[in-house]
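In what follows, a structure is listed as structure tokens, so that the remarks can point back to it.
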Amino acid sequence: MSLLEIHGLRKCFGSVVAADDIAFIVAAGEALGIIGPNGAGKTTLFNLIAGGLFPDAGTIRLDGHDITAARPHQRCRAGIARSYQIPRPFENFTVFENLLVAAVHGGRKSEADAAQLCGEILNRCRLLPRANALAGSLTLLERKRLEMARALATAPRLLLLDEIAGGLTESECAELVGTIKELRATGVTIVWIEHIVHALVAVVDRLIVLNFGRKIADGNPQAVMSSADVQQIYIGIEA
Amino acid sequence: MPPAASAHYRIERKTPASYAAAGAACVLVAVLAAIPGFAGRNVVEELIFVYYMLALAQCWNLLAGYAGLVSIGQQAFVGLGGYLLFALTIIAGLDPLVAILLCGLIAAAFALPTALVVFRLRGAYFAIGTWVVAEVYRLGFAQFKRLGGGTGTSLGPEITNQVFGIEWIKSLFDVRTPAARDIISYWVALALAAATLVLVYLILRSRRGLALGAIRDSEDAAESVGVDYFRVKLGIYVITAVATGMIGALIYLQNARISPDAAFSVLNWTAYVIFIVVIGGIGTIEGPIVGTLVFYLMQRYLASFGAWYLIVLGALAIAVMLFAPKGLWGYAAGRYGLALFPIRRRLLVKNQD
Ligand SMILES: Nc1ncnc2c1ncn2[C@@H]1O[C@H](COP(=O)(O)OP(=O)(O)OP(=O)(O)O)[C@@H](O)[C@H]1O
Ligand SMILES: [Mg+2]
């Protein structure tokens with residue numbers, strides 16, 4: 001059963017082609033990794049899926065419904081949640097209020113129901129001790145966790161994680177990988193962009209490689225990483 | 001120790017200080033309501049002015065400070081309310097108090113199409129757009145010959161002296177008709193000011209208030225977590241138009257004389273109001289209260305200096321913007337951790353045994 005279907009997706013910024021005829025399918029319950037050099041168009045792809053950008057051509061379907069023209073809040077309510085590569089917390093809110101607005105608006109819950117859900121997510125994402133602290137006061141690791149926790153508070157079926165481990169230390173990264181693995185076990189479908197390939201490969205069962213807005217590889221992580229095209233791009237970057 | 005998986009979570013919002021503040025506010029409103037019983041007519045008239053400026057300031061603060069809709073055209077709805085009051089009483093023969101309520105409803109009907117025009121504009125263009133719309137309103141109402149055209153008209157005593165309840169007030173306070181009219185206006189103004197404040201507070205505590213806070217920090221991120229910001233902002237625009245229209249109706253019932261230039265004055269109904277909100281503290285409920293008191297005192301003691309009054313007003317606004325950008329209340333609240341109207345939600349954990 002496919003949850004997300006993308007066909008012929010194209011987006012240009014002036015002469016830069018950030019998404020060039022991209023097509024792929026994500027099955028329900030799958031964990032998909034996306035890698036590619038800087039400027040390959042990874043974040044642009046997320047913006048197109050979550051609705052922050054509208055494509056020049058192509059279609060996006062969720063559960064078979066065409067959502068290509070839907071506004072971001074509609075896509076969120078339909079089950080797509082995202083984290084931002086550069087965290088964008090609501091800084092004047094507490095950590096808990098960040099999740100609450102997501103659960104109430106994106107998840108369409110009453111505040112009382114939302115409180116229970118948000119508390120559980122904060123606990124799972126190891127943010128509970130900081131629940132009533134202002135989001136503006138968080139460390140980088142906590143901000144990354146907040147990005148993920150806030151996305152989860154909308155009760156998504158499809159979770160888009162954009163470089164959630166970027167900039168973290170080795171042990172922080174390992175901890176985050178543990179949390180994402182736990183999440184996977186709850187059944188949520190994950191698409192995860194990451195430069196840290198070993199972290200990605202520890203979680204995902206499929207890998208897509210982007211370069212200059214094009215999809216150049218798609219399949220089993222080991223097979224993809226050892227293919228000639230990918231080796232050429234990644235030579236010397238990752239063992 | 002981390003809580004068990006079965007832990008219960010709930011939201012806490014009230015603090016002991018907020019209960020005390022709510023109690024004190026009720027007592028204060030009761031005391032203010034009793035003032036006409038022992039104060040002179042000039043005190044009553046000055047307080048009416050304080051109340052409607054406070055109500056206008058709360059509206060503008062909700063619009064600009066919380067919803068980020070920096071309008072410089074709210075005089076459109078003050079003038080609209082005023083003119084509708086004249087039309088509904090002179091032409092349709094309604095009681096002025098009924099007319100004030102209707103003015104709110106009709107203002108909503110005007111606000112919706114107006115929003116569809118100005119919401120196409122962003123930032124500075126939005127501000128200018130609202131002003132242009134207010135000018136269009138002014139020119140439009142100047143065309144109605146029955147309401148005096150460009151020179152305006154007056155409400156006759158046959159209308160102002162027939163306000164609902166006036167005979168009762170006359171015998172209760174043992175006063176003549178003009179004083180009784182003032183007392184009714186006073187109560188209506190107090191009720192509008194208190195209602196606007198409560199309305200703003202309730203909106204901020206609601207799920208819409210939660211959305212406003214998120215939009216204020218990041219419009220994109222708010223949308224990505226399911227906030228329909230167009231609808232939230234439209235709702236706020238219409239709600240403030242309703243309140244502003246009713247306040248305008250009250251102002252011109254009290255004035256009993258209207259003209260397009262006065263009713264749609266950007267100075268009286270928007271510039272002074274912005275001054276109040278900026279001085280007191282934008283984006284707080286307490287700020288407009290502080291700002292209104294400062295404005296009232298300046299108006300009372302400096303207005304006779306003419307041009308100097310406006311210069312001092314402008315200089316004070318600039319000084320506050322430079323040295324206390326969050327306004328007088330924001331400055332004090334930041335220093336001493338004050339919040340009379342708490343809207344924060346705290347998460348409480350209860351571990352199950
Ligand atoms: N809003 C925009 N306006 C103009 N150009 C853009 C915009 N967003 C992205 N681009 C360009 O599109 C290309 C793809 O950018 P994108 O952010 O999607 O890359 P990325 O793969 O996420 O890179 P990174 O690994 O550095 O995050 C880049 O050349 C970028 O400069
Ligand atoms: Mg990126």
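Read-outs: derived from the displayed coordinates by stated rules, not from any lab. Note that the structure is predicted; figures quoted are calculated from it, not measured. Counting neighbours? That spans all protein chains shown, and the Cβs are built from the backbone with ideal geometry, glycine included.
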Hey, can you list the DSSP H helices of chain B whose Cα span along the axis is 18 Å or longer and whose average Kyte-Doolittle score is at least 1.0? B:16-34, B:96-118, B:177-205, B:229-255, B:307-323
Inter-label distance, nm, simple model (7 Å from Cα along the C-beta direction), A:Asp56/B:Trp308: 6.6 nm
How far, in nm, would the chain grow between B:Ala319 and B:Ser6 when pulled straight, counting 0.36 nm per residue and subtracting the alpha carbon separation? 107.3 nm
0 to 90° range, to nearest 10: angle between helix A:111-124 axis and chain A longest Cα axis: 60 degrees
For B:Ala124 and A:Ala202, what is the calculated FRET efficiency with R₀ set at 56 Å and r taken between the beta-carbons, to the nearest 0.05? 0.65
Cα radius of gyration and Dmax for chain A (Å): 17.4, 54
Convex hull volume per residue in cubic angstrom - Cα atoms of segment B:1-117: 230 Å³
Calculated FRET efficiency for the pair B:Arg346/B:Glu135, C-beta based, R₀ 41 Å, to 0.05: 0.30
Charge tally for neighbours of B:Arg41 with beta carbon under 13 Å away, counting Lys, Arg as +1 and Asp, Glu as -1, is -1
For B:Ala108 and B:Phe173 in one chain, what is 0.36 nm times their gap in residues minus the Cα-Cα distance, to one decimal in nm? 19.8 nm
So for each of B:95-105, B:187-197, A:174-184 I average, over its residues, the number of other beta carbons within 10 Å; can you give me the resulting order with the highest mean first? B:187-197, B:95-105, A:174-184
Using Cα positions and a limit of under 30 Å, work out the lysines in reach of A:Lys109, with same-chain residues fewer than 8 apart set aside. A:Lys144, A:Lys181, B:Lys14, B:Lys233, B:Lys350
Explain nothing, just the number: relative contact order of chain A, from Cα pairs under 8 Å at least 6 residues apart, as a whole percent. 26 percent
Starting with the fewest neighbours, write out A:Leu140, B:Leu62 ranked by other beta-carbon atoms found within 10 Å of each beta-carbon. A:Leu140, B:Leu62
How would you classify segment A:84-193 from its alpha-carbon gyration tensor, with a ≥ b ≥ c the square roots of the eigenvalues: rounded for a/c under 1.5, else prolate if a/b is greater than b/c, otherwise oblate? oblate
Plugging the Cβ-Cβ distance of A:Thr68 and B:Thr151 into 1/(1 + (r/R0)^6) at R0 = 56 Å yields, to the nearest 0.05, a FRET efficiency of 0.50
Let me know the charge dipole size of segment A:88-155 about its Cα centre in debye, to the nearest 20, where only the beta-carbon of Lys, Arg (+1) and Asp, Glu (-1) is charged. 240 debye
